[in-house]
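Here is the structure we will look at, set down as C-alpha cells.
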Amino acid sequence: MLEIRWHGRGGQGAVTAAKLLASAAMRAGKNFQAFPEYGPERRGAPVQAFTRIDDEPIRVFSGVAEPDVVVVLDPSLIGKVPLASGLSDEGILLANFDGSPQELREKVGMEGGKVYSVNATAIAMETMGKAITNTPMVGALMKVAGALTIDQVIDEVRAMFGDKLKASLVDANVEALRRAYEEVKGE
Amino acid sequence: MGKLIAATGNQAVAQAMRQIDPHVVAAYPITPQTDVVEEFAAFVADGVVATEFVPVESEHSSMSTVIGASAAGVRAMTATSSQGLALMWEMLYIAAGLRLPIVMPVANRALSAPINIHGDQSDTMGARDSGWIQLYCKNQQEAYDTLIQAIRIAEHDSVRLPVMVCYDGFIVSHSLAGMELLEDDQVKAFIGKHKALHPLLDTKNPVTYGPLALFDYYFEFRRQLVEGMARAANVIEEVAEEYARLSGRYYGRYEKYNMDDAEIGVLVLGSAASTAEVVVDELRAQGVKAGLLRLRSFRPFPKAELARELSHLKALCVLDRADSPGALGGPVGVEVRSALLESAKRPAVINGIFGLGGRDTTVDLITTVYHRLMKIVDTGTVDEPLFYLGVRGGNNNGRELEAAIPQARATR
C-alpha cells in the first residue's frame, strides 16, 4: 500500500490533488482512499490531506501516521511545519521548492529518506498563469513514486476537468503535469 | 454489474437518495452531513429527481415536515448529524410512535460541549430508545446499500417504523473511495412503488394520527411498536438476502470475521470494524486466535444471536464509540453483557470507550485491545472491566496514547 500525506494551505487544492490521484487510481483499476484532515481551516492556513493506493481492498479507516511519501504544495510551509514527521528511512519528501534537493533537505531538517524538489510555482505560472501547484505536484509525484503512470493521471485530469474548464486550461494543466514530471530533481 | 464511481460517504448517500427519488425531502444542512443536502438539492434543481424539497429553518422542522408528509401518504426522507439530531429529539419519538416509515441517513458526530464536528456515535446512541430502527455501516458502499434497503425495511407491512442509517462522520462521510452504484431502474424495482397506508389526505376514509391515548391505550400502542421492532429482525435479513441477489453484497444484522474458532474477540460498530479486520489478519498471522464481530443492527438488537456467536470466546471486548457517564459502560457494552448473561458458558467481558470526538482509531490502537484480551486469557483475571482507549489521564497507558494520536504526535 502506498500512503501519501499532502501539505498545502487552505484553498491551494491539496484536497483536490488527493482526490485527483485517487480517481486516477480508480481509472487504473486500483483501490484507493482519499480524505482531508478537517480542522478549523480557513484560506491560507496549513492543511493536510491523505491518499492511500493499493492493489488490495483498503480496509483501514484512520489517519496516515507513517506516510511513504510527503508532498508539499506550498514552499512557505518549509521550515514552519514538521514535514518529515512519520517518514521512515525509505520515505520520500517531495516539495514545491525553488532550489536543489540538498538545500531542501537542510531547510526541512531531514536526515534519512529521499528528497526531491521541483519549482511547481514557476511551472504553474508559465503554463496556467496562476500559482495552482496541485496538478504539477501530482505530475512530479508520478516520477518519484510509481503508483500510476503519468498517462493514467493525464487521462484522469482530462476526465475530471474536461467538463468544468475550457479546453485550453485543461491542456495547460496537462502541460504543467508533464513539465513537473520531467523537471523534478532528486539528490 | 453497476457503475463504479469514486464517492465520499455523503456522496454515496446522496446517490442512493437520488435513485430512491422520495416524494418529499425536508432537510437542514449540518456538518458532517452537509454534502448530502447540498448534492441532493442540486439533483432537485437539475430536475433529475421529482422530489418536493423543503428547505427548513431547523432540524425540528425538518423532522416535523417529513412526519407530516409521511402521514399524508408519501415517501419522505431527511438527513442529519449530531446537534441536528438532538434538536429533532421530540419529533423522533413522534415519527416512531405514529409508525411512519421515514428513512434518515445520519453522519455520526460527537455532541457538544466542547464543540466538536468529528465522528463518534454519541448522537444516535442517545436516540436508541426512540423506537427507530438503527443500522450502522462500515464504509461508503454499505451506507449506500443500506439506505436503499432501509426503504424496504421501514415500509414493510409488518414493521412500519422509521430507520436511521448511521455512518461515521468524516471518517466515512468525507472519505473518498471506490464504490458500485446499482442502475437506477434496479433500485426503483427493488424499493417498489410506495404504498400509502391509511393516508391522512384520503378524505373518503378519514383517519386520525397521534390522538390522545392516556392510561387507557398509550401502553398498548407502545407495546405494538415493540412488536414491530421485533419483527424487523427477520425483515432486515430477508431484505439483505434479496439485496445480495441483486448486488452480490450481503449485510445481515451482524457480520463475523474469523469468529467461529476465535478465542478472543472484539465487538464494534461502524468503520472501526473495518480497521479491526486488518488487526485480526495480523494477529492470525502470528497464530493468535482473534476474531471480530461487527454489529450492524443495534435496533433491533440481536440478543439471542449474539449470545450464541460470542459464548465460545474466552475473552471479549465490546468497543463503544459513545459513553454513558455514570453507567456500567457504553451503551453497546452494557447490552452485550446482558445478552450474554443467559448463556451457561460466556467469556470474560471488558468494555472500551474509544474514538470520542473523532479521536483516530488506528491499527496499533485496536491491537492494544487484543493484547488486553490475550492478557486476560493468560492470567485469568480482569483488571479493568471498563476502560478508555487512548485517552490522556485516567486509566490509559502510554503505548495506547501513542497509538491513538499519531497525527498529534507527528505534526503538532
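Brief remarks follow.
- For B:ARG299, residues with placed amide H under 5 Å, excluding near neighbours: B:GLN134
- Ordering A:ASN119, B:SER61, B:GLY252 by Cα displacement along the dipole of the protein assembly as shown toward the positive end leaves B:SER61 in first place; charges were set at the Cβ atoms of Lys, Arg (+1) and Asp, Glu (-1).
- Prolate/oblate/rounded call for chain A, Cα gyration tensor, a/c under 1.5 rounded: rounded
- Full extension of the segment from B:GLU237 to B:SER112, taken as 0.36 nm per residue of separation minus the current Cα-Cα distance, would add 41.5 nm.
- Note on the stretch B:3-247: with charges restricted to the Cβ of Lys and Arg (+1) and Asp and Glu (-1), its dipole about the Cα centre is near 420 debye.
- Once all protein chains are placed together, B:TYR209 keeps about 60 Å² accessible to a 1.4 angstrom probe.
- Per-residue surface analysis assigns B:HIS194 an accessible area of about 40 Å², computed on protein heavy atoms at 1.4 Å probe radius.
- When each of the peptides B:78-89, B:112-123 is scored by the mean number of other C-beta atoms lying within 10 Å of its residues, the order from highest to lowest reads B:78-89, B:112-123.
- Heavy-atom surface analysis with a 1.4 Å probe gives chain B a carbon and sulfur content of 54 percent of its accessible area.
- Within-15-Å neighbourhood charge of A:ALA167 [Cβ basis; K, R +1; D, E -1]: 0
- Extending 7 Å from Cα along the Cβ direction at B:VAL382 and again at A:LYS80 yields two label points whose distance is 5.1 nm.
- Solvent-accessible ranking of A:MET128, A:MET1, largest area first, probe 1.4 Å: A:MET1, A:MET128
- Across B:LYS3/B:LYS188; A:LYS114/A:LYS143; A:LYS30/A:LYS185; A:LYS80/A:LYS107; B:LYS138/B:LYS256; B:LYS138/B:LYS193, pairs whose alpha-carbon gap is larger than 19 Å: A:LYS30/A:LYS185; B:LYS138/B:LYS193
- Separation in nanometres of the label points that stand 7 Å from Cα toward Cβ, at A:ARG43 and B:LYS188: 4.3
- B:TYR167, B:TYR250, ranked by accessible area, largest first (probe 1.4 Å): B:TYR250, B:TYR167
- Panel note: contact residues of the stretch A:1-49 (accessible area lowered by at least 30 Å² against the chain on its own; 1.4 Å probe) correspond to A:LYS19, A:MET26, A:PHE32, A:ALA34, A:GLU37, A:TYR38, A:GLN48.
- Relative contact order for the stretch A:58-138, counting Cα pairs under 8 Å that sit 6 or more residues apart, in percent: 27
- Kyte-Doolittle mean at least 0.5, axial Cα span of 18 Å or more - DSSP H helices of chain B: B:363-379
- Rounded, prolate or oblate (a/c below 1.5 giving rounded, otherwise prolate when a/b exceeds b/c) for the protein assembly as shown by Cα gyration tensor: oblate
- A 1.4 Å probe run over chain B, with the rest of the protein chains in place, finds 40 Å² accessible per residue.
- In a DSSP loop and with at most 11 other Cβ atoms within 10 Å, the GluC sites (Glu not before Pro) in the stretch A:17-112 are A:GLU90, A:GLU111.
- Chain A - percent relative contact order, Cα under 8 Å, separation 6 or more: 22
- Residues with amide H under 5 Å from that of B:VAL318, placed H, sequence gap 5 or more: B:LEU267, B:ILE350, B:ASN351, B:GLY352
- Interface area, chains B and A: about 2100 Å² of buried accessible surface, summed, with a 1.4 Å probe and ligands, DNA and RNA left out.
- Extension gain for B:THR203-B:GLU282 works out to 22.1 nm (0.36 nm per residue, less the C-alpha to C-alpha distance).
- Put a dot 7 Å past the Cα of B:ALA244, heading toward its Cβ, do the same for B:LYS3, and the two dots end up 2.8 nm apart.
- Net charge dipole, chain B: roughly 600 debye, given to the nearest 20, about the Cα centre with Cβ charges of +1 for Lys and Arg and -1 for Asp and Glu.
- Dipole magnitude of the protein assembly as shown about its Cα centre (Cβ charges: Lys, Arg +1; Asp, Glu -1), debye to nearest 20: 620
- Averaged over its residues, the stretch A:94-177 has an accessible area of 44 Å² per residue, based on protein heavy atoms and a 1.4 Å probe.
- Expressed to the nearest 5 percent, the antiparallel share of DSSP beta bridges inside the protein assembly as shown is 35 percent.
The values are calculated or read from the model by the stated rules, or taken from the named source; none is laboratory data. This is a predicted model, so every value here is computed, not measured. Neighbour counts are summed over all protein chains in view; Cβ atoms, including those assigned to glycine, are modelled from backbone coordinates with ideal geometry. Each accessible area value is taken on the protein alone, full model and side chains, heavy atoms only, with ligands, DNA and RNA left out. Shrake-Rupley method; radii C 1.70, N 1.55, O 1.52, S 1.80 Å.
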